[in-house]
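Since the structure comes first, as structure tokens, the remarks are kept for the end.
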Amino acid sequence: MRKSVVIDCLAESVRNYRTDWAIVAVDVIRATTTAITAVAMGRRCFPAPNIETALALAPEFKNPVLAGESSGTIPAGFEMDNSPAQLLSRTDTHRPLVLVSSSGTKVIHEASGCEATYLSCFRNHSVLAAYLSERHARVAIIGAGTKGEFREEDQICCAWIAAGLMRNGYLPENSRTTSIVDRWRDAPPQACLCSRSVEFLTRTGRFNDLDFILTHIDDLRAVFAVLNGEVKLLAESRAIGPNPRPLLEKPLQWTA
């Protein structure tokens, strides 16, 4: 079978890939980064597409952490933001995380009817190509998008993953995929600083999240998938070579 990869964005695009496609959901700022970080720390994580679903899901667990944002605001009754940096300061990893976001968790929810659903962000992009190449002939990499825009940080991550698949023999499904890969495949993480998502983080004082995202690049040799509504760590690889994109040596300094 011909191996192909496509890059698309927004939750509503997922319906185009219901049959015979594995989905990779990408929301670098911030849902997939938060979910992957939670599970990498040993915490269970359950993405929810909206506030109502999150609130209905929470009673199924003992003392869960409700985390998330809607249109950039922490919902009433939620304990924490959709924040990977905040997770690092918490020691209650025994408490399951119920996570909702404006865009990323919607993509994850829409992908539930597809062949398989994986999560990616800057932290684990390079391990996916080898893993997917052995298991799926057709891979759709879906950027979450925000307010109808395919944000730069998601385009970069999608391009990195697609480029890895193309090196393993996958063909781009369309010219848009080729264009995104050509533009971003060699881009450094800091190329996303022009993004409106970055502007939102800086405008609202969420500097710790921006620092976290830009200083955790390909540091996890692990594959994360959604199984029965839960994000699971499926595999770790110690044999994919050194980090292709080095971490920043120290946190960035931001000014409002």
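The values are calculated or read from the model by the stated rules, or taken from the named source; none is laboratory data. Keep in mind it's a predicted model, so treat the numbers as computed, not measured. FYI the Cβ positions are ideal-geometry reconstructions off the backbone, even for glycines, and counts take in every protein chain you see. Protein only, heavy atoms only, side chains kept; ligands, DNA and RNA dropped before computing areas. Shrake-Rupley method; radii C 1.70, N 1.55, O 1.52, S 1.80 Å.
Looking at this structure, is G169 modelled with pLDDT under 95, open to solvent by 10 Å² or more (accessible area, probe 1.4 Å) and of a type outside the set (K, R)?
No.
Can you pull out every residue in segment 101-154 that is under 10 Å from the mean Cα position of the chain (by Cα) and basic (K, R)?
Selection gives R123 alone.
Tell me, which residue of segment 70-96 that is open to solvent by less than 20 Å² (accessible area, probe 1.4 Å) and farther than 19 Å from H216 by Cβ is modelled with the highest pLDDT?
My answer is P96.
Would you confirm, using the coordinates I've provided, whether K62 is over 22 Å from L210 (Cβ atoms), of a type in the set (K, R) and not in a loop (DSSP other than H, G, I, E, B)?
Here the answer is no, as K62 does not meet what is asked.
Check T177 against each of (1) more than 17 Å from the chain's Cα centre (by Cα); (2) open to solvent by 50 Å² or more (accessible area, probe 1.4 Å) and name the one condition it does not meet.
Here T177 meets the rest and fails (2).
Say whether the condition of being under 16 Å from C121 (Cα atoms), touching a strand residue (DSSP E or B) at 6+ places or on another chain (Cβ under 6 Å) and either modelled with pLDDT under 95 or loosely packed, with under 14 Cβ neighbours inside 10 Å (or both) is met by at least one residue in segment 144-161.
For segment 144-161, residues under 16 Å from C121 (Cα atoms), touching a strand residue (DSSP E or B) at 6+ places or on another chain (Cβ under 6 Å) and either modelled with pLDDT under 95 or loosely packed, with under 14 Cβ neighbours inside 10 Å (or both): present.
Enumerate the pairs (first residue in segment 40-69 and over 14 Å from T105 (Cβ atoms); second residue anywhere and assigned to a helix (DSSP H, G or I)) with beta-carbon separation below 7 Å, excluding pairs fewer than 6 apart on the same chain, so at least 6 apart or on different chains.
Going by the 7 Å Cβ cut-off, the qualifying pairs are M41/L87; P64/A58.
Quick one: R30 ticks every box in (1) in contact with a Cys (Cβ under 6 Å, 6 or more places away or on another chain); (2) over 17 Å from V139 (Cα atoms) except a single one, so which number is it?
Condition not satisfied by R30: (1).
Being open to solvent by less than 10 Å² (accessible area, probe 1.4 Å) and assigned to a loop (DSSP other than H, G, I, E, B) is the filter here, so list the residues in segment 97-127 that pass it.
Correct list: S101, C121, F122, N124.
Which residues, counting only those in segment 65-96, are touching an Asp or Glu at 6+ places or on another chain (Cβ under 6 Å), of a type in the set (V, I, T) and either over 20 Å from G205 (Cα atoms) or in a strand (DSSP E or B) (or both)?
V65
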